[in-house]
Every structure is written in C-alpha cells, then in structure tokens.
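Colleague: Let me begin by handing over the structure; questions about it come next.
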Amino acid sequence: MKKSVRKAVIAGNWKMNKTPSEASELIKQIAEKAEGKNGCEVVLCVPFVDLCAASDAAKGTNVKIGAQNVHFEEKGAFTGEISVSMLKEVGAEYVIIGHSERRQYFGESNETVNKRVKAALAGGLKVILCVGETLDEREKGITGETVSVQTKIALLDVDSEALKNVIIAYEPVWAIGTGKTATADQAQEVCAKIREVLADKYGNDAAEATTIQYGGSMNAANAAELLAKVDIDGGLIGGASLKSEDFGVIIDAAQ
Ligand code: 13P
C-alpha cells in the first residue's frame, strides 16, 4: 500500500482563536474553498464554545469539525473539563490529543494522552494524536527516540481496529508558531520513523494505511513540498488555518 491510497487529511487547529460568530463566518469561507476538493478530508478543530456554531456552519459542506482536547472520564467532578459524549452531541467528529501546547502549559503527559486517546476512540471520536520533539531533544540527537516513546505510550492498549480512527500528527515543537518549518526532508524522516513504530506494533499493512500529518508553520508557500513527501499524508495547521485564502491553497496542494 502506498501514499496514494491513504486518506490525505488537512486539519486546522484554531487554538484559542475565534468567537462562535467569527467561527461561522470563517467556516463558510473555508467551505467554499473546500467545495469539490475530494482529494483530501478537511477538518477544523475549534475552541469548545465554537463547536455548535461550527457544526451548523459546516452542515452540508465537506468540512468536518473537531475539538482540541477531551477528558478521559465520562462525567463527574472535573471542573472545566469536557467529555467525549459532550463533544459528540455538538457535532465533533475529531479531537486533537496531546498537542505540545497542552503538554507544555497544561501538564499533559504521555500517560494522560494515552487515557484520552482510549476514551475518545471508545466513544467514537477520530483522534489526531500529536507527537514531536523539542529543540533541545533535536539538538541532543534524540528526535527518533522521543517520537517513538510518545507514539508507543499514546497507543498502549489501542488495537489495530481502533488504529483506523487515529491520525498521527508529527509536530516538531520548535517549528510551531515560529515560522521555522522543518525541511521537507527532516519532516519526512520523522514521519517515516513514526510509520516504522506503527509497523513494529501493528504490522506493515496497518502502518501503511495510517495517515501521518506534518504540523509546524505549514503554510501556503511550503505545503506542496511537504505534502509531496512519501510519508507525509496531510497537515495540521495553526496560523494559516485562520486565513481562508491560505488554507484554501493548502487544501489545493493536497489534491
Ligand atoms: P502553526 O501552523 O501556527 O505553526 O501551528 C502548528 C500547530 O501547532 C498545529 O497544531
């Protein structure tokens, strides 16, 4: 199985941007750009409070909606948290788990990432699992080890059937929001490593069928080169997903 048969997925991570009314407006603009572009799946991961408005705005378009985090318990005394069933009821199909900003600022660990991944999959959400090394880890030469450990722990007790609903996003922390993109060769090397980790655990066929995205300052100018790489099947895009023109160019590059 080769890249051509994997699903290309272009996902926007809006982070803490856009109110519900702004979200509706931007989704309408992006949906126009995505119309008829069936060569990739287009997903927008919006703030929790935007989910209702976003789902409404995306109805009848080929834009799918996702959240940016989820708690692993079903319900209870977890002030400020949101469960899988809550997300599903407001139209989320996807959820980002383990983003480096959650790991860096909100105490997310490989273990809690694993709990969230299992809960999301059990509840019927598709998962965009983020892994990636810091600049320090890259400079120490432990990029491969870092993403391997993150991937392995995140996928503990996730079987090959459940893996079909997992996308892995390789996001080098030093490339996020910095304007510093990994070169296409650097990104390809790590995405291939992640596929190797999947092959070890699930076998070649499952590894070859898994969508692996690159994220980190992906934009209208560099998307085509990154997406042309054999193991890069899509993008997880921050800043450029907030501009419909730029995001439209990235969607086109994935066709
Ligand atoms: P930027 O595209 O803004 O660098 O953000 C990448 C990212 O963190 C997506 O999850």
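Colleague: Under 7 Å by Cβ, and 6 or more places apart or on different chains, what pairs join a residue from the stretch 168-187 that is within 12 Å of VAL147 (Cβ to Cβ) with one that is of a type in the set (Val, Ile, Thr) and within 12 Å of the ligand (Cβ to nearest atom)?
Modeller: As it stands, the answer is ILE168/VAL131; ALA169/ILE128; TYR170/VAL131, since those pairs meet every condition given.
Colleague: Look through ILE194, ILE251 and report the one residue that is within 15 Å of the ligand (Cβ to nearest atom), closer than 23 Å to VAL42 by Cβ and not in a strand (DSSP E or B). If you could, list the steps in order and put the result at the bottom.
Modeller: Values: ILE194 fails: within 15 Å of the ligand (Cβ to nearest atom).
Result of the check over ILE194, ILE251: ILE251.
Colleague: Under 6 Å by Cβ, and 6 or more places apart or on different chains, what pairs join a residue from the stretch 59-82 that is under 20 Å from VAL117 (Cα atoms) with one that is acidic (Asp, Glu) and surrounded by fewer than 20 Cβ atoms within 10 Å (Cβ to Cβ)?
Modeller: Pairs found: LYS64/GLU93; HIS71/GLU81.
Colleague: Considering only the stretch 1-40, state which residues are β-branched (Val, Ile, Thr), more than 28 Å from ASP231 (Cα to Cα) and surrounded by 15 or more Cβ atoms within 10 Å (Cβ to Cβ). Quick ask: steps written out before the conclusion?
Modeller: Filtering the stretch 1-40 for residues β-branched (Val, Ile, Thr) gives 5, 9-10, 19, 27, 30.
From what is left, the residues that are more than 28 Å from ASP231 (Cα to Cα) are 19, 27.
Selection gives ILE27 alone.
Colleague: Restricting the stretch 1-20 to residues that are farther than 21 Å from ILE82 by Cα and more than 16 Å from the ligand (Cβ to nearest atom), which is modelled with the lowest pLDDT?
Modeller: The extreme case among them is MET1.
Colleague: Moving to a separate point now. Picking from VAL49, VAL70, which residue would you name as being farther than 28 Å from VAL5 by Cα, of a type in the set (A, V, I, L, M, F, W, C) and loosely packed, with under 15 Cβ neighbours inside 10 Å? Let's see the steps before the verdict.
Modeller: On the way: VAL70 fails: loosely packed, with under 15 Cβ neighbours inside 10 Å.
None of the others qualify; the one that does is VAL49.
Colleague: Only one of (1) away from the ligand (no atom under 15 Å from the Cβ); (2) not in a loop (DSSP other than H, G, I, E, B) fails for ALA240. Which number is that?
Modeller: Of the numbered conditions (1) away from the ligand (no atom under 15 Å from the Cβ); (2) not in a loop (DSSP other than H, G, I, E, B), the odd one out for ALA240 is (1).
Colleague: Filter the stretch 143-166 for residues that are of a type in the set (D, E, K, R) and assigned to a helix (DSSP H, G or I); which is surrounded by the fewest Cβ atoms within 10 Å (Cβ to Cβ)?
Modeller: Step by step, filter the stretch 143-166, then rank; the result is GLU161.
Colleague: Does LEU51 satisfy the criteria of being touching a Gly at 6+ places or on another chain (Cβ under 8 Å) and either part of a helix (DSSP H, G or I) or closer than 23 Å to VAL9 by Cβ (or both)?
Modeller: For LEU51, the condition - touching a Gly at 6+ places or on another chain (Cβ under 8 Å) and either part of a helix (DSSP H, G or I) or closer than 23 Å to VAL9 by Cβ (or both) - is met.
Colleague: Would it be correct to say that ALA207 is away from the ligand (no atom under 16 Å from the Cβ), buried (at least 18 other Cβ atoms within 10 Å of the Cβ) and either outside any helix (DSSP H, G or I) or aliphatic (A, V, I, L, M) (or both)? Talk me through it step by step, then tell me what you get.
Modeller: Values: away from the ligand (no atom under 16 Å from the Cβ): yes; buried (at least 18 other Cβ atoms within 10 Å of the Cβ): yes; either outside any helix (DSSP H, G or I) or aliphatic (A, V, I, L, M) (or both): yes.
Yes.
Colleague: Determine which single condition ARG103 fails, assuming it passes every other condition in (1) under 21 Å from MET16 (Cβ atoms); (2) of a type in the set (D, E, K, R); (3) touching a helix residue (DSSP H, G or I) at 6+ places or on another chain (Cβ under 7 Å).
Modeller: It fails just one condition, (3).
Colleague: Report yes if some residue within the stretch 102-120 is at pLDDT 95 or above, of a type outside the set (Asp, Glu) and closer than 17 Å to GLY12 by Cα; otherwise report no.
Modeller: Going residue by residue through the stretch 102-120, those that are at pLDDT 95 or above are 102-120.
Within this subset, residues satisfying the condition of being of a type outside the set (Asp, Glu) are 102-107, 109-110, 112-120.
Going one step further and asking which of them are closer than 17 Å to GLY12 by Cα, we end up with 102.
Yes, there is a match, as at least one residue in the stretch 102-120 is at pLDDT 95 or above, of a type outside the set (Asp, Glu) and closer than 17 Å to GLY12 by Cα.
Colleague: For the list (1) buried (at least 20 other Cβ atoms within 10 Å of the Cβ); (2) part of a loop (DSSP other than H, G, I, E, B); (3) within 16 Å of the ligand (Cβ to nearest atom), I need the number of the one condition that GLU108 fails.
Modeller: Status for GLU108: all satisfied but (1).
The values are calculated or read from the model by the stated rules, or taken from the named source; none is laboratory data. Everything quoted here is computed from the prediction, not taken from an experiment. Every residue, glycine among them, receives a Cβ derived from its backbone with ideal geometry; neighbour counts consider all protein chains shown.
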